[in-house]
Amino acid sequence: MNILIINAGSSSLKYQLMDPETGDVFAKGLCERIGIDGRLNHSANGKKVVKDIPMPTHSEAIAATLDILVDSVDGVIQSTDQIDAVGHRVLHGGMEFFASCIINDDVIAAIEKCIPLGPLHNPANLMGIRACQAVMPTTPQVAVFDTAFHMTMPPKAYRYAIPTEYYKNDSIRRYGFHGTSHKYVTKRAIELMGTKDIKIVNCHLGNGSSLSAVSGGKCQDTSMGLTPLAGVPMGTRSGDLDTAVAQFIMNKYGMSADDCLNMLNKKSGVLALSGVSSDFRDIENGAAEGNEDCALALDKFAYEVRKYIGSYAAALGGLDCLVFTAGVGENSASMRARICEGLEFLGVKIDAEKNSVRGKEAIISADDSKVTVWVIPTNEELMIAQDTAELVSAAK
Ligand code: ADP
């Protein structure tokens, strides 16, 4: 099967053509500057191509994507008929979606209903869906939601302790994000551990970071909230914060709520603490050169992640498996070691040599560690492709 995976942003559109069974990626690329001028970055067969193509809307971006996929020189298929289905990444499924689903008019209406919860991403995701429907009307389309994996959380995890009307009238609650990644690494951890009957804490640590607590394969809690701002500090996001801090800053500096939220989303996190960069590599280099602010940023990040791991072990009533994934989780041995330092009381014991692994599936805990600690590279595209293939095959 050939599944085209689409991740549409407001001015960009990422794509991959993939075999959901083998995970083989035949081609991938990025349409950028949509609505400005338009540029296609395509790679296939070990070759990269960059083309300036006018893309006033997402429709032209999809058309350019399909054109290059069937291009006689740089393409990988002969005809768009060889695309069996399209899987779309959709940010917010609100309380409407508990799983991926085949797109029809009702699904589109429900994604639209979730726009207030994902005001930046859902409209862009919809543009990608509509553009695909227009150029490939008979190809099945599937929506895969960033929030869906977390919808198994119990009310005590997802409800906020604020007046009920905001939940009832406005669907204000914890949703969580990176769900496709958490779902993928959970699936892999269960396969690798040989049983579903385990308690897992997943640490998706990248530019954006979130943790999830999973038992029996189902998400019980996650660190992001109504929006991706909550949880551990991230590249540029503050993570959890006393809400009154926002009020204080807004009052003192005459800042609007939007400007304040922009500061908390874009100018905070390890970028703010380090004063150097949002990129963990730069911060690790800074700390190695003796920059104390960089050292604090790393320390704070590790401390908050460690606190979440501890609280999730308590929430689950135990811990069998700890998983590290995403840019930092997969690549930074020093951050993994720093996070796990002091978790010995929970049965987490890292083996320094095994922990030197980068970007590969591997156990990094010592043989006598009670908790098995894994590095599992995430593959959100493969998860989207597998969900898409499964739904489309079942519908046949
Ligand atoms: P995104 O949330 O944008 O998907 P990624 O999962 O790609 O982010 O993670 C990006 C982060 O991973 C960056 O902060 C980058 O510094 C970090 N990273 C990548 N490789 C390393 C490494 N070898 N050591 C430390 N951090 C790394």
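The values are calculated or read from the model by the stated rules, or taken from the named source; none is laboratory data. The structure presented is a predicted model; accordingly, all values stated were derived computationally and were not measured. Cβ coordinates were reconstructed from backbone atoms using ideal geometry, including for glycine residues, and neighbour counts include every protein chain displayed. Only protein heavy atoms, including side chains, enter the accessible area calculation; ligands, DNA and RNA are left aside. Shrake-Rupley method; radii C 1.70, N 1.55, O 1.52, S 1.80 Å.
What residues from the stretch 348-388 fall in the zone where the backbone N is under 13 Å from a label point 7 Å along the Cα-to-C-beta line of A99?
387-388
Relative to the present Cα-Cα distance, how much length would full extension add between M255 and K187 at 0.36 nm per residue of separation?
On the way: separation 68, 0.36 × 68 = 24.48 nm, distance 4.39 nm.
Length gained, M255 through K187: 20.1 nm.
If you build the Cα gyration tensor of the stretch 309-396 and take the root of 5 times each eigenvalue, what three semi-axes come out, in whole angstrom, biggest first?
On the way: eigenvalues 173, 56, 23 Å².
In descending order the semi-axes read 29, 17, 11 Å.
Would you mind working out the magnitude of the charge dipole of the stretch 235-339 relative to its Cα centre, with +1 at each Lys and Arg C-beta and -1 at each Asp and Glu C-beta, to the nearest 20 Debye?
Working: 10 positive and 14 negative charges, 33 e Å.
The calculated dipole for the stretch 235-339 is roughly 160 debye.
Could you give me D for the stretch 1-158, from Stokes-Einstein at 37 °C and 0.692 mPa s, where the hydrodynamic radius is the Kirkwood radius over C-alpha pairs? Units µm² s⁻¹, please. Please list the in-between numbers first.
Numbers: Rh = 16.1 Å.
Approximately 204 µm²/s, per Stokes-Einstein.
Greater than 23 Å separation of Cα atoms is the criterion. Which listed pairs, K187/K360; K28/K360; K187/K370; K48/K187; K28/K218; K14/K47, meet it? Show your work: numbers first, answer last.
On the way: K187/K360 16 Å; K28/K360 21 Å; K187/K370 21 Å; K48/K187 32 Å; K28/K218 31 Å; K14/K47 17 Å.
Too far apart for the 23 Å limit: K48/K187; K28/K218.
Please work out the Cα center distance from the stretch 119-149 to the stretch 10-86, rounded to the nearest Å.
When both Cα centres are located, 16 Å separates them.
Given R₀ = 30 Å, FRET efficiency for Y167-L296 by Cβ-Cβ distance, to 0.05? Intermediate results must be reported in sequence, preceding the final value.
Numbers: r = 37 Å, r/R0 = 1.22.
Here the calculated transfer efficiency is 0.25.
Go ahead and collect, in residue order, the members of the stretch 21-49 whose backbone nitrogen is under 17 Å from a label point 7 Å along the Cα-Cβ direction of D67.
So the set is 29-43, 49.
With the alpha-carbon atoms as the only input, what is the per residue convex hull volume for the chain in Å³?
Details: hull volume 63.4 nm³, N = 396.
Looking at the chain, the number lands at 160 Å³ per residue.
Where in the chain are the helices, taken as whole DSSP H runs, whose Cα atoms extend 15 angstrom or more along the long axis and whose Kyte-Doolittle mean reaches at least 0.5?
On the way: long enough: 58-69 (16 Å, 0.86); 121-135 (22 Å, 0.14); 179-193 (20 Å, -0.45); 243-253 (16 Å, 0.37); 292-316 (36 Å, 0.19); 380-395 (23 Å, 0.40).
Those that pass (Cα extent of 15 Å or more, hydropathy at least 0.5) are 58-69.
Treating only the Cα positions of the stretch 119-243 as identical point scatterers, give the base-10 log of I(q)/I(0) from the Debye formula at each q in 0.15, 0.17 Å⁻¹.
For the stretch 119-243 at q = 0.15, 0.17 Å⁻¹, log10 I(q)/I(0) is -0.82, -0.97.
Of A333, V348, I364, which is farthest towards the positive pole of the stretch 317-396's charge dipole, taken about the Cα centre with +1 and -1 on the beta-carbons of Lys, Arg and Asp, Glu respectively?
Toward the positive end, the furthest listed residue is A333.
Starting from the 7 Å offset along Cα-to-Cβ, what nm value, one decimal, do you get for the label separation of K218 and A366?
3.6 nm
Please report, as a whole percent, how much of the solvent-accessible surface of the stretch 288-396 comes from carbon and sulfur atoms (probe radius 1.4 Å). Write out the running numbers ahead of the final one.
On the way: 2450 of 4990 Å².
In the stretch 288-396, the share of accessible area belonging to carbon and sulfur is 49 percent.
Once you've got the GNM for the chain with C-alpha springs shorter than 10 Å, pick whichever of V25, V373, V144 has the biggest mean-square fluctuation.
Checking each option, the largest mean-square fluctuation is seen for V25.
Using +1 on the beta carbon of Lys and Arg, -1 on that of Asp and Glu, and nothing else charged, what's the dipole of the chain about the Cα centre, debye to 20? Don't skip to the answer; put the middle values down first.
Working: 37 positive and 47 negative charges, 131 e Å.
Computed about the Cα centre, the dipole is about 620 debye.
With Cβ to Cβ distances under 9 Å as the rule, what net charge do the other residues near T236 carry (K, R +1; D, E -1)?
On the way: positive: R237, K266, K267; negative: none.
So the surrounding residues net to +3.
Percent of Cα-Cα pairs more than 21 Å apart in the stretch 89-178, please. Kindly include the intermediate steps, with their values, before the conclusion.
Values: 1296 of 4005 pairs.
Percent of Cα pairs beyond 21 Å in the stretch 89-178: 32.
What are the principal axis extents of the Cα atoms in the stretch 249-308, in Å, biggest first?
Per principal axis, max minus min of the Cα coordinates gives 38, 26, 17 Å.
With Cβ to Cβ distances under 15 Å as the rule, what net charge do the other residues near E284 carry (K, R +1; D, E -1)? Intermediate results must be reported in sequence, preceding the final value.
Working: positive: R281, K300, R336, R338, R358; negative: D279, D282, E289, E292, D293, D299, E330.
Local charge sum for E284: -2.
Using a probe radius of 1.4 Å on heavy atoms only, what accessible surface per residue do you get for the stretch 57-183? Whole Å² is fine.
Working: 5540 Å² over 127 residues.
So the stretch 57-183 comes to 44 Å² accessible per residue, rounded to a whole number.
Quick one: accessible area per residue over the stretch 264-366, 1.4 Å probe, rounded to a whole number of Å²?
Working: 4820 Å² over 103 residues.
Here the per-residue accessible area is 47 Å².
For Q247 and T57 in the same chain, what is the full-extension length gain: residue separation times 0.36 nm, less their Cα-Cα distance, in nm? If you can, show how the numbers build up before the last one.
Numbers: separation 190, 0.36 × 190 = 68.40 nm, distance 3.83 nm.
Residue separation times 0.36 nm, minus the Cα-Cα distance, leaves 64.6 nm.
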